1. Answer yes or no as to whether residue 62 is in a helix (DSSP H, G or I) and surrounded by fewer than 15 Cβ atoms within 10 Å (Cβ to Cβ).
2. Which ones in segment 171-195 are away from the ligand (no atom under 13 Å from the Cβ), open to solvent by less than 10 Å² (accessible area, probe 1.4 Å) and part of a loop (DSSP other than H, G, I, E, B)?
3. Would you mind telling me which numbered condition in (1) within 13 Å of residue 50 (Cβ to Cβ); (2) out of contact with any helix residue (DSSP H, G or I) (no Cβ under 9 Å at 6 or more places or on another chain); (3) of a type outside the set (A, V, I, L, M, F, W, C) residue 74 fails?
4. So, in segment 97-154, exactly how many residues are closer than 25 Å to residue 187 by Cα, among the charged types (D, E, K, R) and open to solvent by 20 Å² or more (accessible area, probe 1.4 Å)?
5. Just to be sure before I move on: is residue 112 within 16 Å of the ligand (Cβ to nearest atom), at pLDDT 95 or above, under 19 Å from residue 82 (Cβ atoms) and of a type in the set (A, V, I, L, M) in the structure I sent?
6. Identify, please: which residue in segment 240-273 is of a type in the set (Val, Ile, Thr) and buried (at least 24 other Cβ atoms within 10 Å of the Cβ) and is, among those, nearest to the chain's Cα centre (by Cα)?
7. Would you call residue 274 outside any helix (DSSP H, G or I) and either touching a residue at least 60 places away in the same chain (Cβ under 8 Å) or of a type in the set (A, V, I, L, M, F, W, C) (or both)?
8. Just one of 215, 161 is within 13 Å of the ligand (Cβ to nearest atom) and open to solvent by less than 70 Å² (accessible area, probe 1.4 Å); which is it?
Amino acid sequence: MNRVGGIGAIGNTPVIRLERLVDEDCAEVWVKLEAANPTGSYKDRMALAMIEAAEADGRLQPGQTVVEYTGGSTGSSLAFVCAVKGYPLRIVSSDAFALEKIRTMRAFGAEVELIHSPEGITPELIPAMMERAAEIAAEIGAFATDQFNNTDMVDGYRRLGEELLAQLPGDIDAFCAYIGTAGCFLGTTRALRKAIPTLRRVAVEPGESAVLSGGTPGTHHIEGGGIGRRPPQLDPSDFDEVIAVPEADAFAMARKAALAEGVFSGPSTGANLVAARQLAGRLGPGHRVVTVQVDSGLKYLAGRLYT
Ligand SMILES: Cc1ncc(COP(=O)(O)O)c(C=O)c1O
C-alpha cells in the first residue's frame with residue numbers, strides 16, 4: 001500500500017477518561033480522541049479505506065476523478081487522501097455545513113459545488129446532494145465513493161474498535177455513537193462485539209429528527225447525521241438502543257466538554273457525550289462506557305457553537 005505523507009498518521013488515536021463531567025456514582029466514561037487524525041476527524045479512516053479498497057480491486061484507476069456528496073467531514077478526509085494519492089476530486093456539499101470544512105476541501109484541491117440550504121440540514125438536503133453527485137459521476141465517468149452505500153468505509157472503522165480493545169483491557173459495557181452513514185458505529189461495534197458479545201450498542205440521533213426512535217424527520221444543526229431516515233447499512237438488529245439528543249443539549253455539552261475536560265469538538269461529539277453520560281448514570285460504578293470525539297472544535301469556530 002502506498003501510504004505516503006500524512007496518510008501514515010491515520011489512526012492510533014488516544015483515549016481518555018472523563019474526570020469532571022461524570023459523577024462518582026456513575027460508570028466510567030472513556031472518549032477516543034479522533035481529532036488526533038490528520039484532518040482532525042475520524043473520517044480519515046474511512047476515506048483511506050474507501051480509496052484503498054477501490055484501488056485494490058480496480059474500481060479506481062490511476063488519475064481517475066473521484067466524486068462524493070458530503071457534509072464536509074468525509075469530503076475533507078477524502079480531499080486529503082486524494083491529494084496525496086493524486087486523484088482529482090469533485091465534491092457536492094451545502095452551505096448548511098461548516099465553512100471551515102468547505103475551505104478544507106478546497107485547500108486540498110477539491111472542486112466543491114454547494115447546494116443552498118440556509119435553514120440547516122433539512123430532510124431533502126442529503127437526497128439532493130446524492131442525486132447531484134450521481135449525475136456528475138455519470139457525466140464524467142468518475143468513481144463515486146457513495147459513502148452511505150460503501151461497505152469498505154465500514155471496514156475502515158474496525159481498527160478503531162481494535163485499538164479500543166487494546167487500549168482498554170477488561171470490559172467495555174456500552175458504546176455509543178452519533179449516526180450519519182453509521183460507518184463508525186457499525187465498524188467499531190462489530191470489532192468490539194467480537195471480543196465482548198454482551199456489549200450494549202447505543203445509536204445516537206438528534207432529538208429534532210429522531211427517526212431511529214420512531215419519530216418524524218426534522219431540521220436540525222448537529223452536523224454529520226440525522227439525515228431523516230435510517231442509513232442503508234444500519235439494520236435495526238445492529239443496535240440495542242437509541243438515545244435522541246436535542247441539539248441544544250449537544251451544543252451545550254460540546255462547550256462544557258471543552259471547558260471542563262479540554263475535549264474540544266463539534267456538536268456531534270456533544271451528542272455522543274450527552275448519551276454517554278446518560279448511560280453512565282444508568283449503569284453505575286464498576287462499569288465502563290465508551291464513545292468517540294468525532295472531530296476537532298477547530299472545524300466549528302466560524303459557526304454559532306463557540307460564539
Ligand atoms: C461531524 C460528524 N459527526 C458524526 C458523523 C457520523 O459518522 P458516521 O457517518 O460514521 O455515522 C459524521 C459523518 O459524516 C460527521 O461528519
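1. No; evaluated as a whole, the condition is false for this residue.
2. Passing the criteria: only 172.
3. Among (1) within 13 Å of residue 50 (Cβ to Cβ); (2) out of contact with any helix residue (DSSP H, G or I) (no Cβ under 9 Å at 6 or more places or on another chain); (3) of a type outside the set (A, V, I, L, M, F, W, C), the lone unmet condition for residue 74 is (2).
4. The number of residues fulfilling the criteria is 2.
5. Criteria met by residue 112.
6. Among those that are of a type in the set (Val, Ile, Thr) and buried (at least 24 other Cβ atoms within 10 Å of the Cβ), it is 269.
7. No; evaluated as a whole, the condition is false for this residue.
8. 161 is the lone residue from the list that is within 13 Å of the ligand (Cβ to nearest atom) and open to solvent by less than 70 Å² (accessible area, probe 1.4 Å).
The values are calculated or read from the model by the stated rules, or taken from the named source; none is laboratory data. Here the structure is a predicted model, which is why all the values come from computation and not from measurement. A quick note on method: Cβ atoms are made from the backbone with ideal geometry, for glycine too, and the neighbour counts reach across all protein chains shown. Each accessible area value is taken on the protein alone, full model and side chains, heavy atoms only, with ligands, DNA and RNA left out. Shrake-Rupley method; radii C 1.70, N 1.55, O 1.52, S 1.80 Å.
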